[in-house]
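Q: Please find one structure pasted underneath; my questions will follow.
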Amino acid sequence: MFYLVKELYYADRTALIKWGKPITGDSFASLEKGPIVSEIYDLLKNNGLEKNQIQWNDVISRGENFKISLRKEADIGVLSEREMEVLEESRKTIKGIRGSIPKWCHKHCPEWTDPGKSSVPIDPSTILRLAGKTEEEIKSIEEANDEIRLLHYMLGSR
């Protein structure tokens with residue numbers, strides 16, 4: 001579970017910087033052990049929104065010691081080739097860390113702030129700013145992502 005949350009965060013962060021939109025569409029937060037994808041983290045803990053949790057539990061199973069497995073084949077057809085590549089790169093990066101993953105995340109994800117025993121939201125614009133994007137680029141990215149979120153909301157898909 002820990003690896004998955006870190007891998008998905010790092011993939012989303014990479015996609016946001018490269019293309020202006022994350023892969024999962026999730027929000028981000030800083031926890032004591034590094035940044036996470038928030039809703040997916042809640043779903044993994046069985047604390048997601050009811051509708052999403054039912055769909056999640058239909059595909060994902062959480063066993064002992066926070067190990068997760070697929071109950072059935074997940075539909076990855078909605079992912080583009082470049083998204084699949086970033087997800088694989090992220091998996092390799094996180095799995096390849098020697099030493100403390102939280103310390104690595106704290107060092108390589110400068111948007112992370114220490115929330116103590118709580119959590120603090122990470123604004124995607126902070127990630128973009130720290131990656132060297134201009135304020136004009138950030139505004140354009142935010143507007144495009146707001147439109148996507150509105151469309152998902154109107155279609156009932158998120």
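The values are calculated or read from the model by the stated rules, or taken from the named source; none is laboratory data. These numbers come from a predicted model, not from an experiment. Note that each Cβ is placed from the backbone with ideal geometry, even for glycine, and that neighbours are counted across all protein chains shown. Heads up: the accessible areas ignore ligands, DNA and RNA and are worked out on the full protein's heavy atoms, side chains in. Shrake-Rupley method; radii C 1.70, N 1.55, O 1.52, S 1.80 Å.
Q: Can you spot a residue in the range 48-67 that is assigned to a strand (DSSP E or B), farther than 30 Å from Thr134 by Cα and out of contact with any Lys or Arg (no Cβ under 6 Å at 6 or more places or on another chain)?
A: Scanning the range 48-67, I find at least one residue that is assigned to a strand (DSSP E or B), farther than 30 Å from Thr134 by Cα and out of contact with any Lys or Arg (no Cβ under 6 Å at 6 or more places or on another chain), so the answer is yes.
Q: Could you say whether any residue in the range 89-97 is more than 16 Å from Ala11 (Cα to Cα) and not small (Gly, Ala, Ser)?
A: Checked against the condition, which is being more than 16 Å from Ala11 (Cα to Cα) and not small (Gly, Ala, Ser), the range 89-97 yields no hits at all.
Q: Does Pro110 fit the bill of being touching a Leu at 6+ places or on another chain (Cβ under 6 Å), in a loop (DSSP other than H, G, I, E, B) and within 20 Å of Ala29 (Cα to Cα)?
A: Details: touching a Leu at 6+ places or on another chain (Cβ under 6 Å): yes; in a loop (DSSP other than H, G, I, E, B): yes; within 20 Å of Ala29 (Cα to Cα): yes.
Yes; evaluated as a whole, the condition is true for this residue.
Q: Filter the range 139-158 for residues that are touching a helix residue (DSSP H, G or I) at 6+ places or on another chain (Cβ under 7 Å) and open to solvent by 50 Å² or more (accessible area, probe 1.4 Å); which is nearest to Ala15 (Cα to Cα)?
A: Among residues in the range 139-158 that are touching a helix residue (DSSP H, G or I) at 6+ places or on another chain (Cβ under 7 Å) and open to solvent by 50 Å² or more (accessible area, probe 1.4 Å), the one nearest to Ala15 (Cα to Cα) is Glu142.
Q: To continue, here is another question. List the residue pairs whose Cβ atoms are under 6 Å apart, where the first residue sits in the range 111-122 and is under 19 Å from Leu16 (Cα atoms), the second is charged (D, E, K, R), and the two are 6 or more positions apart or on different chains.
A: Every condition considered, the pairs that remain are Ile122/Glu111.
Q: Looking for whichever is of a type in the set (Phe, Trp, Tyr) and touching a Cys at 6+ places or on another chain (Cβ under 8 Å) here; the options are Trp104, Trp19, Trp112, Trp56. Which one fits?
A: Sole residue among the options that is of a type in the set (Phe, Trp, Tyr) and touching a Cys at 6+ places or on another chain (Cβ under 8 Å): Trp112.
Q: When the residues of the range 19-35 are narrowed to those that are more than 23 Å from Asp114 (Cα to Cα) and over 12 Å from the mean Cα position of the chain (by Cα), which ends up least open to solvent (accessible area, probe 1.4 Å)?
A: Result: Gly20.
Q: Exactly one of (1) more than 8 Å from the chain's Cα centre (by Cα); (2) modelled with pLDDT under 95; (3) more than 19 Å from Ser69 (Cβ to Cβ) is unmet by Lys45. Its number?
A: (3)
Q: OK, next. For the range 96-138, what are the residues that are touching a helix residue (DSSP H, G or I) at 6+ places or on another chain (Cβ under 7 Å) and either open to solvent by less than 70 Å² (accessible area, probe 1.4 Å) or modelled with pLDDT under 95 (or both)?
A: Ile97, Ile101, Cys105, Cys109, Glu111, Trp112, Pro124, Ser125, Ile127, Leu128, Ala131, Ile138
Q: Criterion first (open to solvent by 20 Å² or more (accessible area, probe 1.4 Å) and either touching a Leu at 6+ places or on another chain (Cβ under 8 Å) or among the hydroxyl-bearing types (Ser, Thr, Tyr) (or both)) does Asn57 satisfy it?
A: In short, no.
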